[in-house]
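Read-outs: derived from the displayed coordinates by stated rules, not from any lab. Note that the structure is a prediction, hence the values are computed from the model and not measured. Please note: Cβ atoms are built from the backbone with ideal geometry, for glycine as well, and neighbour counts cover all protein chains shown.
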Amino acid sequence: MAEGVSSATSTEEMNGSGNLMDFLDEPFPDVGTYEDFHTIDWLREKSRDTDRHRKITSKSKESIWELIKSLLDAWSGWLVMLLIGLLSGTLAGVIDLAVDWMTDLKEGVCLSVFWYSHEQCCWTSNETTFADRDKCPQWQKWAELMTGHTEGAGVYMLNYFLYVVWALFFSFLAVSLVRVFAPYACGSGIPEIKTILSGFIIRGYLGKWTLLIKTVTLVLAVSSGLSLGKEGPLVHVACCCGNLFCSLFSKYSKNEGKRREVLSAAAAAGVSVAFGAPIGGVLFSLEEVSYYFPLKTLWRSFFAALVAAFTLRSINPFGNNRLVLFYVEYHTPWYMAELVPFILLGVFGGLWGTLFIRCNIAWCRRRKTTLLGKYPVLEVIVVTGVTAILAFPNPYTRRSTSELISELFNDCGALESSQLCDYVNNSNMTRPVDDIPDRPAGPGVYSALWQLTLALVFKIVITIFTFGMKIPSGLFIPSMAVGAIAGRIVGIAVEQMAYHHHDWIIFKSWCRPGADCVTPGLYAMVGAAACLGGVTRMTVSLVVIMFELTGGLEYIVPLMAAAVTSKWVADAFGKEGIYEAHIQLNGYPYLDQDEFTHRTLATDVMRPRRNEPPLSLLTQDSTTVEDVETLIKETDYNGFPVVVSRESERLIGFVQRRDLILAIKTARQKQDGVVSNSVVYFTEDAPQIPLSNPQPLKLRRILNLSPFTVTDHTPMETVVDIFRKLGLRQCLVTRSGRLLGIITKKDVLRHMAQMMNQDPGSIMFN
Amino acid sequence: MRGQLSEAKNSEDIRCKCICPPYKETKGQIYNQNVSLKDCNCLHVVEPMPVDGKDVEAYCLRCECKYEERSSGTIKVTIIIYLSILGLLLLYMVYLTLLEPILKRRLFGHSQLIQSDDDVGDQQPFANAHDVLSRSRSRSNMLNKVEHAQQRWRRQVQEQRKSVFDRHVVLS
């Protein structure tokens, strides 16, 4: 196919030269660009890039300067990656630092240095005590600052009230900024990026304002304490960086196909900084978001992810030389019998994924169709208010979700002050305490379990209503929190069971008295992976991200078991992950990788149908400019096939509507003698016309001489495959060389929706 | 940046924090000192040592010492830059949503007047009319360009707002 395209274009180039009358040697401005909400033609983009590349290579032999230019061109890809990595790493650092500060601002302020968060404020303080680890005089809660007291019901109520007020204030700022400056900055962005990478155009979605507003409002949204995370939006931010730097190089800015290669790599950089997992980021881009991912992009994504992670590391936002807050490091072993609870956690993850997707989609559909969607600001305010009011009394929901996950992941060392680590200490214990044997749970653990259960229910419910609001909102962190809470509860249960029933057969071989046999933190991690897998249906990239978070290779098997189980369970209830579900809800033209198994033929899908008016055609040398203009005015098709003549209907090529409009407009302005009666011709030589007629207009330059064709009896299975693999926008249907009809991507999507008993009218875009 | 850090280590930017659990009669304690990485252990940081000579080893075995670095300068700069960007955006937002409609309404009444004034001014013969005109044109061109870009951006945002908030075609 590629050869066909290039040979066609090279003949095209030869045609153009040597004709003095042919102003079309100069390419039209804007020809080859696409309109908003349209699908790109991957084949055309690829062949254009091949052409460009060939031109540069042949020129580079002419002079040193051209040679340098060609080298620069070859290196520009890597340069773009470097810039993306630097900028997205920096932005991630800024977001982390600002979120850290603003989250704590809800509770109090650092008196000596107002830009320090609670942790930073007490960083050098010597007044912290073993019992009260994070209390220091510099950090004051709001009520303490106002009333001077630290205890009492009034103080609690004042703190409560101010917490809610700050949360409402932050989320109100976020939603109004989004509304006024960049409406595209709302949401997680991954469904849209998936669609864009598959070849859809949403102008402004990756623009500068979106970048600025998304970065600024993301901080506000996360600090407001809503049940959302920054990871998904960071992917969007990184892709905006990618788009920004694409505009510096004509190689990428003028070719939508090449631009998407850069964006794939940018998505990898985004995940890399979100989780501190460069390899996980590359795999995420490959598994989850990218559509066209050649090896070259793989290497470049790897480089971008590396640079981004390195940049973030040198900013060191958490002061622990790690890229994420909830990095954990432990190397306690696990036992085969523990696979049973891990798989149960996988089942839980799958069920949670299904529940979340169903409920969230139902809610988002409500928002899309009913009155609810008319009040986006009010919705955000109400949800924030409810979240803040319910979150404050429970210490596990009051703090930021990342901190919660961090605490749940961490193992109980001897020095942990957390309530979760309140085990009964054996007084006659003689062994060194850093090796924790199993112990009975103390009252703190039991109260923590209650609070965690309440937090679990709260998170499950509130996340369903939060995701999809008109503020930047990611889903990774809340899903992980749900899984981590469930996992920790299961972990403590198993641990206590093992302690109280040492004599049971399963524990006998594995838990000797006094030995450390169950690590609840590991259960939390496995639960987090399972829930994240249930919602997003990632497998490989998820396991790699989790293992990069922990830095321990020995937990790969538990993580894999949980991820695969959760995928199986979730897939049993519904094939699509949350991102695909949102793509479908919005009706974006996205062809997913599922197999098409129905036995229909191209002729059943093509337009025109049996009782429809015939196809709108152009003929190669008998249409006038006026005819073309009427055709453009009366139809809204995105392109027109060109045939030899209306009688024979033999196919010559295909011309895009946008190119046609631009070409005629330019010709009418710049070329003398082109009037409404001029004949438009697509052949090499001008048609024989009487001299009295006005000058003809040659449009061969914009004609695609190698449109993709199939015969009318091609099975749809093959057609879908061609659309998916080659990224076609439309495909012409012929029978023995005669043009019968056309199949567009939209037709294919509608047909697939129909075959799956869904509403084909939901596919909205071309 | 990292080179700077390692050379002129701000005393505020490094710490070695030792957490020592209760041991016999001694209470749990947190020690915090500015020492370099190689000195970050219980023996250097825990001062004064709460236990007797023979118990020091046992006590120190239980302590957990962590060396941490931060960059207070980065935090300061980041938070201040973030707040100023947020402030500017808020001001601009207030201007766009509240002030501009009022100003426009007020200007709208006078716009006819201004228009006619301009016409008169243009028609008046100047001695060095060419010079003045070209200068004013270049300035107004510049202003026009900015104005034009702003108008275009606002149209785009309007369009986005319509598709996201009113018609709910994307991002819902």
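For the protein assembly as shown, the antiparallel share of DSSP beta bridges with both residues in that region comes to about 80%. Taking the Cα centre of the protein assembly as shown as origin and assigning +1 to Lys and Arg Cβ atoms and -1 to Asp and Glu Cβ atoms, the resulting dipole is close to 1700 debye. Built from the Cα atoms of segment A:276-373, the convex hull projects on average onto 10.9 nm², one quarter of its surface area. Farthest toward the positive end of the dipole of segment A:602-756, out of A:Gln754, A:Ile689, A:Val675, is the Cα of A:Gln754, where the dipole comes from beta carbon charges about the Cα centre.
Overall dimensions of segment A:82-315, expressed as equivalent-ellipsoid semi-axes from the Cα gyration tensor (√(5λ), whole Å, largest first), are 40, 19, 13. Of interest is the spacing of the C-alpha centroids, which for segment B:149-168 and segment A:625-676 amounts to 31 Å.
Quick one: compute the contact order of chain A, relative version, from alpha carbon pairs under 8 angstrom and 6+ residues apart, as a percent. Mind dumping the intermediate values first?
Details: 1344 pairs, mean separation 114.5, N = 766.
Averaging sequence separation for qualifying contacts and normalising by length gives 15 percent for chain A.
Given their separation in residues at 0.36 nm each and the Cα-Cα distance between them, A:Thr600 and A:Gln695 gain 29.5 nm when the chain is fully extended. Relative to one another, the C-alpha centroids of segment A:31-79 and segment A:686-705 are positioned 30 Å apart. The DSSP beta bridges internal to segment A:602-756 are antiparallel in roughly 70% of cases.
Loop-located trypsin sites (Lys or Arg not before Pro) across segment B:12-67 with a Cβ neighbour count of 15 or fewer within 10 Å are B:Lys24, B:Lys27, with loop assigned by DSSP. Counting every alpha-carbon pair across segment B:72-113, the share separated by more than 12 Å comes to 68%. Here the translational diffusion coefficient of segment A:602-756 follows from Stokes-Einstein with Rh set to the Kirkwood radius across Cα pairs; for 20 °C and 1.002 mPa s it amounts to 130 µm²/s. Quick one: Cα centre-to-centre distance for segment A:273-319 and segment A:332-366, in angstrom? Answer, in whole Å: 26.
Distance between the pseudo-spin-label points of A:Trp450 and A:Thr57 (7 Å out from Cα toward the beta carbon): 7.4 nm.
Among the GluC sites (Glu not before Pro) in segment A:41-103, those located in a DSSP loop and surrounded by at most 16 other Cβ atoms within 10 Å of their own Cβ are A:Glu62.
Remark: for residue pairs A:Lys61/A:Lys251; A:Lys69/A:Lys251; A:Lys251/A:Lys746; A:Lys135/B:Lys66; A:Lys254/A:Lys633; A:Lys230/A:Lys725, the C-alpha separation exceeds 23 Å in A:Lys251/A:Lys746; A:Lys254/A:Lys633; A:Lys230/A:Lys725. Suppose we take every Cα in segment A:152-220 and form the convex hull; what volume per residue is that in Å³? Given the Cα convex hull of segment A:152-220, per-residue volume reads 78 Å³. Taken over segment A:551-619, the alpha-carbon convex hull comes to 221 cubic angstrom per residue.
Per-residue packing, averaged as other Cβ atoms within 10 Å, sorts the ranges B:153-161, A:720-728 into the order A:720-728, B:153-161, beginning with the highest.
Projecting the Cα atoms of A:Met480, A:Leu228, A:Ser60 onto the charge dipole of chain A (Cβ charges, centred on the Cα centre) puts A:Ser60 farthest toward the positive pole. Kirkwood's formula applied to the C-alpha pairs of chain A gives a hydrodynamic radius of 29.0 angstrom. If the segment from A:Arg607 to A:Thr150 were pulled out straight at 0.36 nm per residue, it would be longer than the present Cα-Cα gap by 157.1 nm.
Using alpha carbons only, the radius of gyration of segment B:15-70 set against its Kirkwood radius gives Rg/Rh = 0.96.
Sequence-ordered 3J(HN,Hα) estimates for segment A:742-749 from the Karplus curve with 6.51, -1.76 and 1.60 and θ = phi - 60° stand at 9, 10, 9, 4, 4, 4, 4, 5 Hz, glycine and proline given as x. Here the simple spin-label model places points 7 Å from the Cα toward Cβ, and for A:Leu111 and B:Val77 these points are separated by 3.0 nm.
Other chains' Cβ within 10 Å of B:154-166 residues: what's the mean?
Mean shielding count: 5.
Each of A:Val282, A:Trp142, A:Val642 was scored by the projection of its Cα onto the charge dipole of chain A, and the greatest displacement toward the positive side belongs to A:Val642; charges sit on the C-beta of Lys, Arg, Asp and Glu. As a proxy for reagent exposure, ranking A:Arg607, B:Arg70 by other Cβ atoms within 10 Å from fewest up yields A:Arg607, B:Arg70. Mean per-residue shielding of peptide A:365-374 is 2, counting Cβ atoms of other chains within 10 Å of each Cβ. Dipole size of segment A:552-638 about its Cα centre, with +1 on Lys/Arg Cβ and -1 on Asp/Glu Cβ: approximately 400 debye, rounded to the nearest 20.
Of the trypsin sites (Lys or Arg not before Pro) found in segment A:552-637, those that fall in a DSSP loop while having at most 12 other beta-carbon atoms within 10 Å are A:Arg599, A:Arg609, A:Arg610. Shape index of segment A:475-634: Rg/Rh, with Rg the Cα radius of gyration and Rh the Kirkwood radius from the inverse mean 1/r over Cα pairs, equals 1.34.
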